[in-house]
Each structure stands twice: as C-alpha cells, then as structure tokens.
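Engineer: Please find one structure pasted underneath; my questions will follow.
The values are calculated or read from the model by the stated rules, or taken from the named source; none is laboratory data. Treat the numbers as computed from the prediction; the structure is a model and nothing was measured. Because the Cβ atoms are built from the backbone with ideal geometry, glycine has one as well, and the counts that use them run over all protein chains shown.
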Amino acid sequence: MPIIVRLDVMLAMRKVKSKDLAADIGITEANLSLLKSGKVKGIRFATLEAICERLRCEPGDLLEYQPAEQSGH
C-alpha cells in the first residue's frame, strides 16, 4: 500500500510510549500496534484527531504517500 504510517517516528520524537498514547486516546494497545505497523485498512478521523491532539502534530506528520513505481517508465 502506498500509504506509510509514521506513528512510531512521531512517538519517538515526542518521547511518548505506545501504551500511554493508547490509554490517552481510548484505544487498545493492540489496535495502536496494528496502526503503527500499517496493518489496518483505515483509521477513523476521530482517532486521527485524538492522536494529532495528543502528539501535537498534523495528519501529514503521521501519514506519508509513496506511490508505487510504475514499470516501463
């Protein structure tokens, strides 16, 4: 998938532990782990908003678009 989740980078930059973020925003550590690893198909805007509020960042700090390389070009 061309969307890369950079939540682990932002957690490290803000010196916040995953378990603390999960507790602060009201999701399970398991769900946060899945999100960090990029193994989810989507994220609720309310969850994204809560993460951004807690980590004082923008959605673009957490998500990166990397287009797949096109063959033959």
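Engineer: On the given criteria, is ARG54 among the basic types (Lys, Arg) and surrounded by 10 or more Cβ atoms within 10 Å (Cβ to Cβ)?
Structural biologist: yes
Engineer: If you take the residues in the stretch 16-67 that are more than 13 Å from the chain's Cα centre (by Cα) and among the polar types (S, T, N, Q), which one is modelled with the highest pLDDT?
Structural biologist: Looking at the filtered set, the residue picked out is THR28.
Engineer: OK, next. Give GLU64, GLU49 a once-over and let me know the one that is farther than 13 Å from ASP8 by Cβ and of a type outside the set (S, T, N, Q).
Structural biologist: Only one candidate qualifies: GLU49.
Engineer: So is LEU48 touching a Ser or Thr at 6+ places or on another chain (Cβ under 6 Å), in a helix (DSSP H, G or I), surrounded by 14 or more Cβ atoms within 10 Å (Cβ to Cβ) and not aromatic (Phe, Trp, Tyr) or not?
Structural biologist: No: the conditions fail for LEU48.
Engineer: Just give me the residues in the stretch 11-45 being of a type in the set (Lys, Arg) and either outside any helix (DSSP H, G or I) or exposed (fewer than 10 other Cβ atoms within 10 Å of the Cβ) (or both), in sequence order.
Structural biologist: If the condition is that a residue be of a type in the set (Lys, Arg) and either outside any helix (DSSP H, G or I) or exposed (fewer than 10 other Cβ atoms within 10 Å of the Cβ) (or both), then LYS15, LYS17, LYS39, LYS41, ARG44 are the ones that fit.
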